[in-house]
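The values are calculated or read from the model by the stated rules, or taken from the named source; none is laboratory data. Everything quoted here is computed from the prediction, not taken from an experiment. Counting neighbours? That spans all protein chains shown, and the Cβs are built from the backbone with ideal geometry, glycine included. Heads up: the accessible areas ignore ligands, DNA and RNA and are worked out on the full protein's heavy atoms, side chains in. Shrake-Rupley method; radii C 1.70, N 1.55, O 1.52, S 1.80 Å.
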Amino acid sequence: MISNRKFLLKNTLLFLFPLLIPLFILGSFAIVVTDKYMKESITSNNFNALQQLEQQTNIVLNEMHLLNLDYNWNPDIILSLQDILDSDYLTLTQNQKLQYREGTLRRKEIATPYIHSIYVFYTNTKNRVLTSQTGVTTMDAMNDQSWFDEFDPTSTEENIWIKNRKVAQFPFEDPKPVITVFKNVFKTNAPTSEGLIVLNIHQDYFEDLINEWNNYHNQSIFVLDDQNNKLYGNKNSEMLNLEDWDLANDQQTFEVKMDHKAYIVNQLHSENDHLRYYSIVEKNIIYWIPNQLRLLTIVFASLSFIIGIAIIYYLSRKNARHISDIITILNMTNQKKENLTNDISFKDNEYHFIVKGILKNYIYQNNLEKELSEQKYQLQSAELSALHNQINPHFLSNTLAIIYWRAIALTGKPNKVTEMLETLTDILNFSLRTKKHTVTLKEEIENAKNYVKIMRIRSQSDFHIYWEYNQTDLNQQVLKFILQPILENCLKHGTHGERTSKIRIKIERRNNNMRFRITDNGQGMSKHALHQLHAELDKDEYVTNHIGLANIKKRLSLVFNNNYIFIIRSKKGWGTTIFIEHPV
């Protein structure tokens, strides 16, 4: 007698594995794709915030460069201000110039929300300073005198430097935190400093900006100078003891562990001003959404697994009970029945035992013919149902392959039709397989060559294409579909009489940029036509006659943030050259 437990285990495993395989694949795919997308999005958001902070900082530092042009390079301003600072009594002309200078600084301070005050100091016998708040005053009359500690008459430093200070204009005021930008004055091309320009910036201005850019709870955003001194940041950054953090890492994104917690650090270096912009967020916070999505995926997968096991167990147990009842009924007779089942194809399993019992009982009861007819009808129905279920759901995806083999069958050998189908399949796979905006240079060249194969079959006129590139550059990332539209444009507009069309494609890496130069010997364009083409490509609306070129230029702008070169040169009767350069 067949063991019910053995049958139950066998059927449970039989149905369980088909359930587990797609569940595992889909669950793993969902987790990997979600993690990758979310992590890329999070990193992009953090770098956008740091780039905005860098841009705003550059705007502020540009104010110092403008002051430097006036008070360190303009000889009229330098000489008149030096006379004013050294004079015991001011003439009418000096007084007018002084009022103009004071008004200029005062207006700049009032009109610019982030400027706290401006000091301009030249070495003078009266120890005087030009300020945006009180005009010309003496050092002793100023409440803020700590800035003068930065003046060194022996200094040769020509770059700006930045310090954090607290400033109060009057003794009864509470000092306000400011970011002070210093610049030495070499007004007579002297080898050492002869003065100092001081620009005080409201620190609250940067803190308010950073608070607007916060993307995550407890995110710390701050700026360090080349001496690892913190210049400004949000309130969360004030709770960080930066001396305990290991931030000496050249990677843009890296992980740091502190107090048994993992933190994600994004950094942006400004080479011009030697400043570093940082974003620090606890890993559990920044990846809270991906972690929750992963947890939900696991929960739903586990729930589906448990429900599947329960259903499979219920059905298997039900079938096992039915089979057990059948076997019990069939075992009620002890007559030999081996000769009744010699022609049955399936042997040594539970169905063999059931069929033997059914055949024995029905033959002894003279109902065998009727039962066999019913079984034949049921078998035909089952086969018909199986045939319906065998309809291939991937029919559409195989249609192109069927056409390919049908063409070979008709001609008996590969031909232009099969070659076009095979090449077209490669182009379609390239278009559908790669979802990113960039591909390797090798993939882009292969796709372009596939397009050329099709055009050679289609075209009635001859043309030659010459390739020039380095094998070492084949793994570099380039803009997807950058060559095919240009080749199409050359073959469409570059034909010139009966002359054989020649297209030269030169690809090279120069520094950190990829350069493309595509030249044809076609009919070319007049200056007026070339000017019209540039005007159409610069428009935002849809371009009718040059969709391919407009598409490439638009994608270059979007993918590389306008950091690219796109040049078209042409001469009537000589041909056209297209030059493209974009970052790697």
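Only one of the numbered conditions (1) under 30 Å from residue 21 (Cα atoms); (2) modelled with pLDDT under 70 is violated by residue 334, and that is (1). Residues in region 141-154: is at least one in a strand (DSSP E or B) and open to solvent by less than 70 Å² (accessible area, probe 1.4 Å)? Checking region 141-154: not a single residue is in a strand (DSSP E or B) and open to solvent by less than 70 Å² (accessible area, probe 1.4 Å).
Go through region 118-129 and report how many residues are in contact with an Asp or Glu (Cβ under 9 Å, 6 or more places away or on another chain) and surrounded by 22 or more Cβ atoms within 10 Å (Cβ to Cβ).
First, the residues of region 118-129 that are in contact with an Asp or Glu (Cβ under 9 Å, 6 or more places away or on another chain): 118-120, 122-128.
Right, trim to surrounded by 22 or more Cβ atoms within 10 Å (Cβ to Cβ) and you get 118-120.
The number of residues fulfilling the criteria is 3.
Taken together, 98, 66 contain a single residue that is hydrophobic (A, V, I, L, M, F, W, C), modelled with pLDDT of 75 or more and either more than 24 Å from residue 203 (Cβ to Cβ) or not in a helix (DSSP H, G or I) (or both), which is 98. Among the strands (runs of 3 or more DSSP E) confined to region 456-540, the ones with at least 3 residues that are touching a residue at least 24 places away in the same chain (Cβ under 8 Å), aliphatic (A, V, I, L, M) and open to solvent by less than 90 Å² (accessible area, probe 1.4 Å) are located at 501-510.
Taking region 156-178 as the range and being without any contact (Cβ under 8 Å) to a residue 60 or more places away in the chain and open to solvent by less than 20 Å² (accessible area, probe 1.4 Å) as the test, the residues that pass are 167, 168. Mind checking which residues of region 187-213 are crowded, with 17+ Cβ neighbours inside 10 Å and part of a loop (DSSP other than H, G, I, E, B)? Those that are crowded, with 17+ Cβ neighbours inside 10 Å and part of a loop (DSSP other than H, G, I, E, B): 187, 193, 194. The residue list 76, 86 contains one member that is of a type outside the set (Gly, Ala, Ser), more than 24 Å from residue 179 (Cβ to Cβ), more than 43 Å from the chain's Cα centre (by Cα) and open to solvent by 80 Å² or more (accessible area, probe 1.4 Å), which is 76.
Flag set for residue 581, criterion: modelled with pLDDT of 85 or more and over 17 Å from residue 489 (Cβ atoms).
Quick one: in region 89-117, which of the residues that are among the aliphatic types (A, V, I, L, M) and buried (at least 17 other Cβ atoms within 10 Å of the Cβ) is farthest from residue 150 (Cα to Cα)? It would help to see each step written out before you state the result.
First, the residues of region 89-117 that are among the aliphatic types (A, V, I, L, M): 90, 92, 98, 105, 110-111, 115.
Right, trim to buried (at least 17 other Cβ atoms within 10 Å of the Cβ) and you get 98, 105, 115.
Working: 98: 25, 105: 21, 115: 19 Å.
Result: 98.
Just checking, which of 201, 221 is closer than 28 Å to residue 133 by Cα and of a type in the set (A, V, I, L, M)?
Unique residue meeting the criteria: 201.
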